[in-house]
Amino acid sequence: MVTHPLRGVFPVVPTTFDERGALDIESQKRCLDFMIDAGSDGLCLLANFSEQFVLSDEERETLTRVMLEHVAGRVPVIVTTTHFSAKICAERSRRAQDLGASLVMIMPPYHGATIRVPEVGTFGFFRTVSEAIDIPIMIQDAPVSGTALSAHFLARMAREIEHVSYFKIEVPGAANKLREIIALGGDAVVGPWDGEEAITLMADLDGGATGSMTGGAYPDGIGPIVHAYLAGRREDAMERYNRWLPLINYENRQCGLLAAKSLMKEGGIIACEDPRAPVTPLHPETRKGLIEVARRLDPAVLRWGK
């Protein structure tokens with residue numbers, strides 16, 4: 001149970017597969033151990049960067065149970081429970097809570113390129129989920145849903161729906177949207193967070209973000225940036241950010257969700273970096289560029305498994 005606001009860096013845990021596309025549980029456990037050892041303040045499971053969209057319901061249940069059991073309370077864990085159905089999302093969220101999740105992250109209901117839910121339906125969706133659980137809800141505001149969520153609407157849900165209290169903002173102009181949500185929501189906004197692999201991290205921290213959900217490969221690089229900023233050392237945070245920005249940019253603009261597994265495979269943490277089809281692997285030259293940029297920073301990901 002969350003008894004204080006979650007702050008800091010909560011990277012997304014990639015899902016590890018073997019060469020046949022089956023779940024690789026041993027690599028998954030090593031991935032978790034590395035991410036905790038590298039300084040993650042917490043972890044997020046089954047997000048889009050975890051390739052959640054290629055997993056069966058049974059696999060989701062297996063991964064949620066296995067990973068929460070393996071973390072064993074060492075750090076707080078956020079579980080993504082997004083589903084179009086309010087009933088199924090509520091059930092997923094309850095199961096995640098019962099297995100030990102500290103918080104659930106949920107996108108607004110959407111389907112395909114055109115099926116969207118108006119505000120009244122979205123409000124009811126999150127209220128249904130909130131009534132089923134006793135832990136906080138993080139609303140993920142990202143372009144992938146194609147759903148416009150105004151700052152006024154997000155703040156209203158924070159004020160009027162009991163467990164809605166965290167917001168990961170990943171839309172253009174995120175920093176100003178964070179400022180607006182904080183101003184409108186007041187104390188009901190417990191966790192204004194940054195996303196997008198930290199590509200807008202400094203602007204979002206200036207906008208009031210107290211947490212960041214990044215890719216999973218280098219929490220040892222991003223964590224000190226956020227910790228310095230939250231401790232009032234903005235110039236220190238800026239210097240650190242400028243140092244890590246080439247890698248942050250390469251991940252965000254060139255690699256996306258494949259960066260973390262490529263770096264973990266290079267560092268001997270996981271056995272296979274392949275995504276599950278139809279997602280295609282990184283181009284060899286893109287992978288080469290990623291490793292080159294990373295080596296200049298000597299991140300733990302390239303050393304931990306060797």
| query | Of all DSSP beta bridges located in the chain, what percent are antiparallel, nearest 5? | reply | 10
| message | Please rank 193, 304, fewest neighbouring Cβ atoms within 10 Å first, as an exposure proxy. | response | 304, 193
| task | Tabulate in residue order the Karplus-calculated ³J(HN,Hα) for the range 47-53, using 6.51 cos²θ - 1.76 cosθ + 1.60 with θ = phi - 60°, rounded to whole Hz; enter x for Gly and Pro. | result | 7, 4, 6, 8, 6, 4, 6
| task | Pop out the ³J(HN,Hα) list for the range 176-188 in order, Karplus 6.51 cos²θ - 1.76 cosθ + 1.60 with θ = phi - 60°, rounded to Hz; leave Gly and Pro as x. | result | 5, 5, 4, 4, 5, 4, 4, 5, 7, x, x, 5, 6
| said: Need one word for the range 78-161: rounded, prolate or oblate. Basis is the Cα gyration tensor (sqrt eigenvalues a ≥ b ≥ c); a/c below 1.5 gives rounded, then a/b vs b/c decides. | reply: prolate
| remark: Honestly the range 112-202 on the Cα gyration tensor test (a ≥ b ≥ c root eigenvalues; a/c under 1.5 rounded, otherwise a/b vs b/c for prolate or oblate) is just oblate
| Relative contact order (%) - the chain, alpha-carbon pairs under 8 angstrom, separation at least six | 20
| request: Using 0.36 nm per residue of separation minus the Cα-Cα distance, give me the extension gain between residue 150 and residue 296 in nm, one decimal. | output: 48.5 nm
| query | Counting other Cβ atoms within 10 Å, which chymotrypsin sites (Phe, Trp or Tyr not before Pro) in the range 69-152 have at most 15 and lie in a DSSP loop? | reply | 84
| If you find the alpha carbon centre of the range 100-168 and of the range 224-268, how far apart are they in angstrom? | 28
| query | To the nearest 20 debye, what is the magnitude of the charge dipole of the range 8-302 about its Cα centre, counting +1 on the Cβ of each Lys and Arg and -1 on the Cβ of each Asp and Glu? | reply | 300
| request: Enumerate the calculated ³J(HN,Hα) couplings along the range 9-24 in order (Karplus 6.51 cos²θ - 1.76 cosθ + 1.60, θ = phi - 60°), each rounded to whole Hz, writing x wherever the residue is Gly or Pro. | output: 10, 10, x, 7, 7, x, 8, 9, 10, 8, 5, 8, x, 7, 4, 10
| query | How would you rank 26, 58, 180, 197, going from fewest to most other Cβ atoms within 10 Å of each one's own Cβ? | reply | 58, 26, 180, 197
| field | MRE, 222 nm, helices only [DSSP H, n ≥ 4, -39500 (n - 2.57), over the chain, to nearest 500] | value | -13500 deg cm²/dmol
| request: Taking H placed 1.01 Å from N in the peptide plane, check which residues at least 5 places from residue 208 or on another chain put their amide H under 5 Å from its amide H. | output: none
| said: Quick check on packing: order 76-82, 296-302, 29-35, 158-164 by the mean number of other C-beta atoms within 10 Å, highest mean leading. | reply: 76-82, 29-35, 158-164, 296-302
| query | How many nm separate the modelled label positions at residue 306 and residue 245, each set 7 Å beyond the Cα in the direction of the Cβ? | reply | 2.9
| request: Provide 144, 190, 104 in ascending order of the number of other Cβ atoms located within 10 Å of each residue's Cβ, fewest first. | output: 144, 190, 104
| Given (1) -0.30, -0.61, -1.01; (2) -0.24, -0.51, -0.89; (3) -0.47, -0.69, -0.96 as candidate values of log10 I(q)/I(0) by the Debye sum over Cα atoms at q = 0.07, 0.10, 0.13 Å⁻¹, which corresponds to the one derived from the coordinates? | (2)
| Are any of the pairs 29/261; 265/306; 29/306; 29/265; 87/168 more than 21 Å apart by Cα-Cα distance, and if so, which? | 87/168
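The numbers here are math on the coordinates, done by the rules we state, and not lab data. Keep in mind the model is a prediction, meaning the values are calculated, not measured. Don't worry about glycine lacking a Cβ; one is built from the backbone with ideal geometry, like all the others, and counts go over all protein chains shown.
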